[in-house]
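Worksheet for the structure shown next.
The values are calculated or read from the model by the stated rules, or taken from the named source; none is laboratory data. In this text the structure is predicted, and so the values were computed from the model without any measurement. Please note: Cβ atoms are built from the backbone with ideal geometry, for glycine as well, and neighbour counts cover all protein chains shown. What goes into the accessible areas is simple: the full protein's heavy atoms, side chains included, and nothing from ligands, DNA or RNA. Shrake-Rupley method; radii C 1.70, N 1.55, O 1.52, S 1.80 Å.
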Amino acid sequence: MRDVYFDNAATTRVRDEVAALCMKVMTEEYGNPSSKHLRGMEAEKLIKEASEKIARTMKVKPSEIVFTSGGTESNNLALIGTALSRKRRGKHIISCQIEHAAIYKPMEFLEENGYEIEFIPVDEKGHVDLKVLESKVREDTILVSVMAVNNEIGSIEPIKEIAEIVKRKNPACYVHTDAINAYGKIMIRPKQWKVDMVSMSSHKIHGPKGCGFLYIDEKCRITPLILGGGQQKDMRSGTENVPGIASMGLACELYYKEFEKIHEGMLKVRERLTERLSALEGVTINSGNAEGENADFSAHVLSVSFEGIRAEVLLHALEEKGISVSSGSACSSNHPGISGTLKAIGVRKELLDSTIRFSFGIYNTEEEADYCADCIEELLPVLRRFTRY
């Protein structure tokens, strides 16, 4: 049976060279980076080298990278760490309607603890309403957090413009972006954008799971959430995940070294699948333009609604043909329900439970897109015949 993996926005296959480095560190360079002997110093050197590799991809300082267990921890540290450190300045925080659960769950926690949270709307493409944002920023606003690329439909948010608006109205307000599905897919430039914090997760770019980082501008002061031995300058205590950090650094370096090639490859797969599926009856493409300078969607995500078919039914029918896709964010499967993102962009009610996310990585091909489209073309009339509402 064929094996077509179109769920790379959920997680990716680790690159062979990245996995090899991870194994090497686990079995040969396994010292504790806090130890003062040679093995400890070798481990510390690996962490330093990873910081330097990652910093180069964003043109920031290595000292501004804090390693975490992944995107969720990075987001929690950015949001809750900022809220704790700035509560005397204010308790007003702004985000948007289509954030990942790793943002809105910490926001709910903060709201329960006395903070005022506002979620601003998006347009039909999933882009933040900048006029509404400008009207919401206040003197007591301490943080604005907007994701860089939406994980369900792939919309690219105007983070630079968002930060400019925020800093103009309140220069003391911190700006954070969840770049977990943006890092490697677009160029991330925190200094140019005037963004204070950026979250990233390794397993979205063919690196290992359980590892990520939070970029924190050197001028920012946030409260650490994990206390203990004082590692990473007291910002995140606990013995560092050296194999994960070293291999993540390599994954980051390789992804941006091959950025144009990777982007072009994913774009070709996305365009081929879009072209084929658009020609089918009762199919709606929810993701927009991902090509050229005016691209406002990422090349790695394609959201498609199939009229008259429940997404879960189509998902399992494709699985039987060796094709892996998603009915939305993988994390949302732990809390089933209709996607808030699809509601926010105005997808028709009858299509909310009929939407599939295809997402691409470095190993996908146009031939796989054709195979997937052939399977869907074959399945649609059969599944619609047996669908009952």
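Each peptide in 87-100, 220-233, 365-378 receives the mean, over its residues, of other Cβ atoms within 10 Å, and ordering these scores from highest gives 87-100, 365-378, 220-233.
Here the accessible area of the chain is 51 percent carbon and sulfur, with a 1.4 angstrom probe and all protein chains present. As I understand it, the value is the acute angle between the Cα axis of helix 71-85 and the longest principal axis of the Cα atoms of the chain; what does it come to in degrees, rounded to 10? For 71-85 against the chain, the angle is about 50 degrees.
Packing around the peptides 62-71, 33-42, 195-204, 168-177, taken as the average count of other Cβ atoms within 10 Å per residue, puts them in this order, highest first: 195-204, 62-71, 168-177, 33-42. The spacing between the range 295-318 and the range 246-293, judged by their C-alpha centroids, is 15 Å. Between R384 and R310, the simple label model (points 7 Å from Cα in the Cβ direction) yields a spacing of 1.9 nm. In the set (i) 156, 92, 32; (ii) 64, 49, 39; (iii) 66, 53, 37, the label that goes with Cα extents along the principal axes in Å computed for this structure is (iii).
Whole-Hz Karplus values for the range 139-147 come out as 5, 9, 6, 9, 7, 10, 10, 9, 5 Hz, taken residue by residue from phi with 6.51 cos²θ - 1.76 cosθ + 1.60 and θ = phi - 60°; glycine and proline positions read x.
In this structure the range 119-219 gives 32 Å² per residue of accessible area when probed at 1.4 Å with all protein chains present. Could you give the distance between the Cα centres of the range 92-112 and the range 350-389, to the whole Å? So the separation of the two Cα centres works out to 32 Å. Only helical runs count toward this figure. For the chain, summing -39,500 (n - 2.57) over DSSP H runs of n ≥ 4 and dividing by all residues gives -12500 deg cm²/dmol at 222 nm. 3J(HN,Hα) along the range 261-277, derived from phi through the Karplus expression 6.51 cos²θ - 1.76 cosθ + 1.60 where θ = phi - 60°, amounts to 4, 5, 4, 4, x, 5, 5, 4, 5, 4, 5, 5, 5, 4, 4, 5, 6 Hz, with x in place of Gly and Pro. Packing around the peptides 240-250, 343-353, taken as the average count of other Cβ atoms within 10 Å per residue, puts them in this order, highest first: 240-250, 343-353. Angle of helix 159-169 to the longest C-alpha principal axis of the chain, folded into 0 to 90 degrees and rounded to 10: 50°.
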